[in-house]
Each structure stands twice: as structure tokens, then as C-alpha cells.
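Participant: I'd like to ask some things about the structure below.
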Amino acid sequence: MADRVTVIGWDGSPLTGAARSALGAATLVAGAGHHLALPEVPPAAERIRLGSVDLAARRIAGHRGTAVVLADGDPGFFGVVRALRAPEHGLEVEVVPAVSSVATAFARAGMPWDDAQIVVAHSRDLRRAVNVCRAHPKVAVLTSPGAGPAELALLLGPVHRTFVICEELGTAREQVTVLTSDKVADHTWRDPNVVISIGGFQTASVPGVAVQGGSWIAGRDPGQPPTVRGWALPAHDYGFGPGAHDGPGEGESPQLRAAQLARLGPRVGDLVWDIGAGSGAAAVEAARFGAAVIAVDKDPDACGRTAAVARHYGVQLQLVHGTAPHILEDLPEPDVVRVGGGGAPVVAACAARRPERIVAHAPTRDAAEAIGRALSDGGYAVECALIQSVELDTSVASAWAEHNRAVAFLLCGHRLSRP
């Protein structure tokens, strides 16, 4: 095993005294091509060009001498330190940090970044990074070959964002470009780069919520939920009174919505389809969990209501006006789906796209059985429950009289593995 392993971060500025001392004593140096070309690298040292960090770690583990690993930015922030410290390598490392590329990118843009989401994009799971850009107003994306600015923009499609693209930060070839996402795919971008995605609204308009300057937790805007406490909120929190005709659909209640959201489990990086969004309550609550949401409805008034509720609660949504299942053909692949209307034909069309979970509800047993068959035929294990909720008027004068009752069959499809 190497006698000593030092990981040195490099942000383009002159190396510190500690970094120069460690590098001068190195008998093995690993890094990218531009790192190995630094004049401080000892001529006699063995040089390893970093491709696979795991392969380099095995080489370092078998080396007798002093090893140095050079990496861009802060190597402890989405960097090589995690891989080098993996138990299978048994390496103990000393770290000489530098300014991270994300901090540098936001500094070049002149923007604070304590309220930003930060994601790493790889070609194998680029859609998850894109979903974060859909759902959040400020995101820094650490890109990789095949998962760069152009690919991000293409997958965002009609969701428009402003991109701040920082290429080769800290080098003589550094360049910062600001473009709207619909123009990004027309250009060729140099690796490595950092993309800052900006768009949408960042301040909630919930009455009574005071937006303070600054934040106390990284990755969140202090004006957004969770300053709104709770979820599966009652209809009046979405501007609808008891029994309102423009509120949730027949059989839908906060209790049913709570069960639907519990089965879906929307999370950061997911894309949720809400088909038959109606009041927008389920779509907005899925977005409040951090997921990207596409809300679909054939009624333009419902689309307008959903947009208004999203603005009210300060969340990002993509609205699609059209009739399912035909309108679903061009939508990006979902992780989970809520079917609020359309019955078995829409459920079958969703099952063909193979999301992990599909939830739906039905007012009658016959309709529930039809949806269950569509799920089963589509390769899903089916769960069904009859959910009944009764709202009581708790004022003294009414003596807790029943004032609203909702009954519905809740169905959930869990995707089965195919041979």
C-alpha cells in the first residue's frame, strides 16, 4: 500500500505551499492530462492518467511510495475522495482542497448559491438531473461527456430555462455563456463544464408567510414550502369551499389524495404524470415533495386553476392541455403516474410506458375491476382498497353533524420485473 496518499484540488490558481510540498515528494501522480502537465509534477514520478478512479485506486494501493491524486475543484465535493476511501481500497487520504467548480461558476455569474440544488449528470441517468431542473428554479449541473448542456436542453424540451454555461473553469480557455435553453443545442460545448439552470419563480405567495433574507438550510429557497406545514391539504387551502363545483372531482378527498401520494412516493429526481389534474391539488403536492410534475387535463379551466395553485404555493409545474391517452405519446418517460380521470384506457396507456407505480381511483366496483385488469395486463401487481371519508362540522351549533362524505376505490399498480 502507498505510504502516503494526498489528494490535491486544483482550481486554476497557483498551488499552495502544502500542495507543492506533497507533489514534490510524490513517486506516483494520478490526474487528468492537464494536471500531469503541471511543472510541479516530479519528472521521475510514475504518472497515471485518471479515467477509471477505481482502477487508479487499485494501482495506488499496490504502490510503495508516496502518491498524489490531482483533481479539479474541491475533490471532496462530488469528487475522487469518496471513491478513494471506498472500503475495498483501504486507502487513508489527506486532502488539500480548492474552490469547487460549483462555487466558481456561481461566482462568475455573480449569484448566491445556498438556495441551489446541485446534481451530477451522467449519460446513463441524465433524465434525473433534467427532472431536478424541471422542478427547481436554481440548479447547478456538473456535466460529463454525453450529458452536457445540449443534452440537458434537448430533454427539457418545452420547459424553458436560462443556462449559464461555464466551460473549463480556472484555465486559460475559461468561457462563460448565458443562453436560453432552446438555443443551447445549436452549439458545441467543451468539457469539463458546469451548467447553472435558472427559471420559474422562487418566492411563494402563501398568505401570512414572511420571506426572510437569506436561508438557514442549503438547497432551499426560504420562501418556498416547507414553510407551508402539512400535505394532503383540505380543499379550502386550494381556494375551494366545501362542495364547490370547481374543487376536487367526485369521490376525491384529502384522505384519498394522502393515500395516493403515499403510494406514489414522489421524490427529487422523479417525473410525475398527473392525468386529469382537476383542481391541481395532487400535482402541486407532488411538486412540493421536490418531484418534477407534468399535469395533464382536457379542460382549459382546470389547467388555469392548476397553474394558479402552483403559483400560489411557489412550485414548478409543466401544464399540458389535451385529452389522454393520445396527448401522452410525446411526454417524457414518467417514474410514477396518478390517473385522476380517463379510466381503464388511460391506465393501460400509462402501463405501456412502464412507470414504477401507477395510482388511480374509481367510483364503482365495476370501474375498479376494469382498471385492475388494465394494470394486471400491463405487467403490474394490483392493490385495491375502498376508502371512505366523512367530514364533520365541529362547530357547537351543528353538534358535529356530517357535512361531506366521499367514497372511492383506490388502486395502485406496482411494476413487476419482466423476464
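Participant: Which ³J(HN,Hα) values, rounded to whole Hz and listed in residue order, are derived for segment 107-117 from phi using the Karplus coefficients 6.51, -1.76 and 1.60 in 6.51 cos²θ - 1.76 cosθ + 1.60 with θ = phi - 60°, glycine and proline given as x?
Facilitator: Taking θ as phi minus 60°, the curve returns 5, 4, 7, x, 10, x, 9, 5, 9, 9, 7 Hz for segment 107-117.
Participant: Using modelled backbone amide H atoms (1.01 Å from N, in-plane), which distant-in-sequence or interchain residues come within less than 5 Å of Gly378's amide H?
Facilitator: Close amide H contacts, sequence-distant or interchain: none at all.
Participant: Relative to the present Cα-Cα distance, how much length would full extension add between Arg20 and Val176 at 0.36 nm per residue of separation?
Facilitator: Result for the pair: 53.2 nm of gain on full extension.
Participant: Run the simple label-point estimate for Val396 and Ala37 please: 7 Å along Cα→C-beta, distance reported in nm.
Facilitator: 8.3 nm
Participant: What is the mean projected area of the alpha carbon convex hull for the chain, to one decimal in square nanometres?
Facilitator: Averaging across all directions leaves 25.0 nm² for the Cα convex hull.
Participant: Let me ask another. Under a GNM of the chain (C-alpha, springs under 10 Å), which listed residue has the highest mean-square fluctuation: Ala399, Ala67, Ala291?
Facilitator: Looking only at Ala399, Ala67, Ala291, the largest GNM fluctuation is found for Ala399.
Participant: Using amide H atoms built in the peptide plane, which far-off residues or other-chain residues are under 5 Å from Glu46 H to H?
Facilitator: Leu28, Val29
Participant: In whole Hz and in residue order, list the ³J(HN,Hα) couplings for segment 410-415 that follow from phi through the Karplus curve 6.51 cos²θ - 1.76 cosθ + 1.60, θ = phi - 60°; x for Gly and Pro.
Facilitator: Rounded to whole hertz, the list is 9, 10, 9, x, 9, 4.
Participant: Whole number please: convex hull volume per residue of the Cα set in segment 1-117, in Å³?
Facilitator: 111 Å³
Participant: Right, something else. Roughly how far apart, in whole Å, are the Cα centres of segment 318-355 and segment 376-408?
Facilitator: Here the answer is 25 Å between Cα centres.
Participant: Taking a probe of 1.4 angstrom, what is the accessible area of Trp231 in Å², to the nearest 10?
Facilitator: Trp231 exposes around 120 Å² with every protein chain in place.
Participant: A follow-up question, please. Give me the number: length gained by fully extending Thr323 to Val407, i.e. 0.36 nm times residue separation minus the C-alpha to C-alpha distance, one decimal in nm.
Facilitator: Contour length minus Cα-Cα distance gives 27.7 nm.
Participant: Per residue, what accessible area does the chain have, given a 1.4 Å probe and all protein chains present, in Å²?
Facilitator: I get 47 Å² per residue for this part.
Participant: Rounded to the nearest 20 Debye, what is the dipole magnitude of segment 257-302 about its Cα centre when Lys and Arg each give +1 and Asp and Glu each give -1 at the C-beta?
Facilitator: Numbers: 5 positive and 6 negative charges, 49 e Å.
Dipole magnitude for segment 257-302 comes out near 240 debye.
Participant: Which value, in debye to the nearest 20, describes the size of the charge dipole of segment 12-72 about its Cα centre when Lys and Arg Cβ atoms bear +1, Asp and Glu Cβ atoms bear -1, and nothing else is charged?
Facilitator: Rounded to the nearest 20 debye, it is 160 debye.
Participant: Please build a GNM for the chain, connecting alpha carbons under 10 Å apart, and tell me which residue among Ala135, Ala262, Ala307 fluctuates the most.
Facilitator: Result for the chain, Cα springs under 10 Å: Ala262 fluctuates most.
Participant: Can you pull the semi-axes for segment 322-419, root of five times each eigenvalue of the Cα gyration tensor, sorted largest first, whole Å?
Facilitator: Its equivalent ellipsoid spans semi-axes of 33, 15, 12 Å.
Participant: Quick one: among Ala103, Ala368, Ala61, which has the greatest mean-square fluctuation in a GNM of the chain with alpha-carbon springs under 10 angstrom?
Facilitator: Ala61
Participant: Still on this structure, please answer the following. Determine ³J(HN,Hα), in whole Hz, for all residues of segment 393-405 in sequence, where each value follows from phi through the Karplus function 6.51 cos²θ - 1.76 cosθ + 1.60 and θ = phi - 60°; x replaces Gly and Pro.
Facilitator: 7, 8, 5, 4, 5, 7, 6, 6, 6, 5, 10, 7, 10
Participant: Under 5 Å between amide hydrogens, which residues at least 5 positions from Val93 or on another chain qualify, with H placed 1.01 Å from N in the peptide plane?
Facilitator: Those lying under 5 Å, H to H, from Val93: there are none.
Participant: In whole percent, and with a 1.4 Å probe on the protein chains, what portion of the accessible area of the chain is carbon and sulfur? Walk me through the numbers before you get to the answer.
Facilitator: On the way: 10550 of 19830 Å².
Carbon and sulfur together cover 53 percent of it.
Participant: What figure, in Å² to the nearest 10, do you get for the accessible area of Thr364 with a 1.4 Å probe and non-protein molecules left out?
Facilitator: 70 Å²
Participant: In segment 103-195, what chymotrypsin sites (Phe, Trp or Tyr not before Pro) fall in a loop by DSSP, with at most 13 other Cβ atoms inside 10 Å?
Facilitator: none
Participant: Considering only the chain, what is the antiparallel percent among its DSSP beta bridges, to the nearest 5?
Facilitator: On the way: 38 of 77 bridges.
Antiparallel bridges make up about 50 percent of those DSSP assigns within the chain.
The values are calculated or read from the model by the stated rules, or taken from the named source; none is laboratory data. Keep in mind that this is a model prediction, so the values were computed, not measured. Reconstructed Cβ throughout: ideal geometry from the backbone, glycine too, with neighbour counts over all protein chains shown. Heads up: the accessible areas ignore ligands, DNA and RNA and are worked out on the full protein's heavy atoms, side chains in. Shrake-Rupley method; radii C 1.70, N 1.55, O 1.52, S 1.80 Å.
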